[in-house]
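Beneath this line is the structure, given in structure tokens, with notes to follow.
The values are calculated or read from the model by the stated rules, or taken from the named source; none is laboratory data. None of the values given here were measured: they were computed from a predicted structure. When we count neighbours, we look across all protein chains shown, and the Cβ atoms used for this are built from the backbone with ideal geometry, even at glycine. Surface accessibility is based on the protein's heavy atoms, side chains included, excluding ligands, DNA and RNA. Shrake-Rupley method; radii C 1.70, N 1.55, O 1.52, S 1.80 Å.
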Amino acid sequence: MSRFDVTSIGETLIGLSAYPGTRLEDADQLTVHTGGAETNVLAALCRLGHRCGWIGGLAENDLGRRVANDLRRAGIDISSAFRCSSLRMGVYYIEHAAGPLVTRVVYDRDASCASSIRPDMVDWDTLFDTRFVHLTGVTPALSPSALATVQDVVRDAGAEGVKISFDVNYRAKLWTADQAARTLEPLIENVDLLICSHRDAVLLFGCDRDPYLAVRQLADRTTADHVVLTRGDQGAMATDGSSMFEEAVLPVVPVDRLGAGDAFAAGVLHGVLNDDIQRGLSYGTVLASLALGQKGDMVTTNLDEVARLSNVLSTTGEVDR
């Protein structure tokens, strides 16, 4: 039996949020929290009862200790994280907004501890002592050595009997669409679970604007057992190569938009770990909605709550109040 259900590598950052309705240039107070694409997923999975481990960089300073403490509190094993004595934690600043403006994120992650990761810094025995390794398209964009590390994970996981989950998660502030497409295409060819937004599928991989065609075109680019296409407020769909699965969104008044996609990915992984992709879409939708309705990147919930919301919505379309 594997030590973990899901492990991951990637960057976890310090988030500094202006009070909703306050512009960053006018803010005199900022709320501190921890977030990162991969650890957001792991934290949500821990909430659902899974065993999760993370490998990434922690600066040897107060901010690094703050991140470490938050990840431990989330239930994530960080015993194989590497420490940096001379580099820093990445930081991101959030300006929450309602229309006509959109929530804005300003990154300050140059020369971060996480970007220094190299294959020889990874505890491979720990990373591969798992059922799934979860990767995102964020980490390969951080640095050439981070890309080399992800490439090694993708190359070696299968031989270790470990499956790969990959969330494309394109970030335009890190690289161009052309750079991302050239880099990510070979990485997604042999993963076991592929998650991609319809927008990214069109922009990066030239898929059709018809989502039913797009998800099949994505499936043609990979040997993945399951390909999941997210469609924003239009819901999500998945294919296992023969059947199509769909799930509508759960209406919510957004409080904080960051972390919703990661919460969705956690729900999908939970379903796949339990051999039920339809449940994965349903749990992912519930988790994304819960994340949208909460402050911070890491969703606070539990398995009973997610199961109850999923069951009630599937039978009545309404939520108990």
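Fully extending the segment from residue 61 to residue 147 would add 28.4 nm, taking 0.36 nm per residue of separation and subtracting the current Cα-Cα distance.
Overall dimensions of segment 25-75, expressed as equivalent-ellipsoid semi-axes from the Cα gyration tensor (√(5λ), whole Å, largest first), are 24, 14, 9. On a per residue basis, the convex hull of the C-alpha atoms belonging to segment 176-321 measures out at 117 Å³. Roughly to the nearest percent, how much of the accessible area of segment 127-176 is carbon and sulfur, given a 1.4 Å probe? Reported share for carbon and sulfur atoms: 50 percent.
Calculated on the alpha-carbon coordinates, the convex hull of the chain measures out at 136 cubic angstrom per residue.
Rg(Cα) of segment 137-225 divided by 2.2 N^0.38 Å?
Here the Cα radius of gyration is 1.05 times the empirical estimate.
With R₀ fixed at 35 Å, the C-beta to C-beta distance from residue 213 to residue 252 puts the FRET efficiency at about 0.75. Note on segment 1-131: Cα Rg divided by 2.2 N^0.38 Å, N the number of residues, gives 1.14. For segment 188-260, the Kirkwood estimate of the hydrodynamic radius, built from every pair of different alpha carbons, is 12.7 Å. Nonpolar atom fraction for segment 1-63, defined as the carbon and sulfur part of the 1.4 Å probe accessible area, stands at 45 percent.
Applying 0.36 nm per residue to the separation of residue 73 and residue 23 and subtracting their alpha-carbon distance, the gain on full extension is 14.9 nm. For segment 195-234, the share of accessible area belonging to carbon and sulfur comes to 45 percent (1.4 Å probe, ligands and nucleic acids excluded). Annotation for segment 69-129 versus segment 199-252: alpha-carbon center distance of 28 Å. Candidates 126, 141, 282 compared by Cα position along the dipole of the chain: farthest toward the positive end lies 141, with charges placed on Cβ. Between residue 304 and residue 86, the FRET efficiency from the beta-carbon distance, with R0 = 45 Å, is close to 0.50. Reducing segment 161-185 and segment 274-313 to their Cα centroids gives an inter-centroid distance of 25 Å. Think of a 1.4 Å ball rolled over the protein heavy atoms: the chain then has 44 Å² of accessible area per residue.
Working from the alpha-carbon coordinates of segment 265-305, get Rg over Rh, Rh being the Kirkwood radius.
0.99
All C-alpha to C-alpha distances of segment 197-237, sorted into 10 Å bins beginning at zero, yield P(r) values of 33, 60, 7 percent in whole numbers.
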